[in-house]
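The next block holds one structure in the form of structure tokens; read it before the comments.
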Amino acid sequence: MRRRDVLTLLGGAAVTWPLAARAQATDYPNHPITLIVPYAPGGGNDVLARGVAEPMSKALGQPIVIENHGGAGGSIGTRQVAKSAPDGYTLGLGGTGTLAIDPTLYPNAGYDPRKDFAPVGLIATGPLIVLVNPSLPAHNVQELIALAKAQPGKLNYASAGKGSGIHLGTVLFADTAGIELIHVPYRGSGPALTDLLGGHVSIYFSSLPSAVGLVKDGKLRALGVTGLKRSPIFPDVPTVAEQGMPGFEAVLHYGIVAPAGTPRPIVDKLNAALRAALNSDEVHRRIATEGAEPLPTTPDEYAADIDREETKWSALVKKAGAKAE
């Protein structure tokens, strides 16, 4: 084939591809969409996914079916999304754990958070709350830090597992405060809270919904919230940043991703449906019950967020020596 003919064919392909992508997006979606939640049903991630799936379904004109694929800290389900066809019909719930922590925590996570996904948009952000057993003589964050400095290496804290957001949030706190705390990992939040109630551990950085009843009943003491502003769930609990650690923030992010290579017009259509959902009062209410707040973004803003979060949390995984077996 002559060079001129080759160039003509290539030029035609360059024009045809964007047109084909736009045509595909115009017809999209024409059958149900699967949203993979890489955790077991019933948890906070599941609640957030279901909270936006229903209004997004209405906006798109096709049902979004939730499928839970848990295991390995969410990396199994997330890997499944990365390896799916980039046609907009398989999406995944992304988060701090799966996109910022797991790629460093698990040597064989099987995906690159920057290269293997097309970010659709963030859903929400949620802080943690610093809880202590009432027997601990600390009533605010400054007193907790002073106690830890007076007893270096004596205070212990629970986590929901090695390398979890709760574990690394506490590592960030201890590192920023210049204190030494002893890590006691558990298999989930339930056992960790049980031992905190029993006084077997002293500190736990909890998700907010799990803490409400325990703090209200006086069974645990809340010292601070790890976001940059107070939570509506605990309006009387100051942030850690207000208590002598300006700028301190340890929050978890949640969003939706598609496989890399998904046509941008489809990504944009999904983003528009997600942003419309996040404008709903009902979705705001559902997100608030999880102690989180809506965080609508563009796809490019979410890509930048993934980059920042992975850089931040992977450094903490390495600092904590947290590697999954």
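The values are calculated or read from the model by the stated rules, or taken from the named source; none is laboratory data. Every value quoted in this text rests on a predicted model; they were computed, and no experiment measured them. We place every Cβ from the backbone using ideal geometry, glycine too, and count neighbours over all the protein chains shown. With ligands, DNA and RNA removed, areas are computed over all heavy atoms of the protein, side chains included. Shrake-Rupley method; radii C 1.70, N 1.55, O 1.52, S 1.80 Å.
Residues that are open to solvent by less than 40 Å² (accessible area, probe 1.4 Å) and in a loop (DSSP other than H, G, I, E, B) within the stretch 197-242 comprise VAL201, SER202, LEU220, THR226, GLY227, VAL237, PRO238, VAL240, ALA241, listed in sequence order. With a requirement of 1 or more residues that are small (Gly, Ala, Ser), surrounded by 18 or more Cβ atoms within 10 Å (Cβ to Cβ) and modelled with pLDDT under 95, the helices (runs of 4 or more DSSP H) lying completely within the stretch 30-113 that satisfy it span 44-60, 75-82. Filtered by the rule that a residue be within 24 Å of GLY227 (Cβ to Cβ), hydrophobic (A, V, I, L, M, F, W, C) and either open to solvent by 10 Å² or more (accessible area, probe 1.4 Å) or in a loop (DSSP other than H, G, I, E, B) (or both), the stretch 175-196 gives ALA177, ILE179, LEU181, LEU193. The set of residues in the stretch 152-168 that are assigned to a helix (DSSP H, G or I) and touching a Ser or Thr at 6+ places or on another chain (Cβ under 6 Å) comprises GLY165, ILE166, HIS167.
Considering only the stretch 266-292, state which residues are assigned to a helix (DSSP H, G or I), in contact (Cβ under 8 Å) with a residue 60 or more places away in the chain, of a type in the set (Gly, Ala, Ser) and open to solvent by 10 Å² or more (accessible area, probe 1.4 Å).
To start, the set of residues in the stretch 266-292 that are assigned to a helix (DSSP H, G or I) comprises 266-278, 281-289.
Those still in the list that are in contact (Cβ under 8 Å) with a residue 60 or more places away in the chain too: 266-278, 282-283, 286-287, 289.
Going one step further and asking which of them are of a type in the set (Gly, Ala, Ser), we end up with 272-273, 276-277.
Within the stretch 266-292, ALA272, ALA276 qualify.
Of all residues in the stretch 144-165, those that are open to solvent by 20 Å² or more (accessible area, probe 1.4 Å), modelled with pLDDT under 95 and under 30 Å from ASN45 (Cβ atoms) total 3.
For the stretch 124-143, how many residues meet the condition of being exposed (fewer than 15 other Cβ atoms within 10 Å of the Cβ) and touching a helix residue (DSSP H, G or I) at 6+ places or on another chain (Cβ under 7 Å)?
Step one: of the stretch 124-143, the residues exposed (fewer than 15 other Cβ atoms within 10 Å of the Cβ) are 134-135, 137, 139.
Pick out the ones that are also touching a helix residue (DSSP H, G or I) at 6+ places or on another chain (Cβ under 7 Å) and you get 137.
Count: 1.
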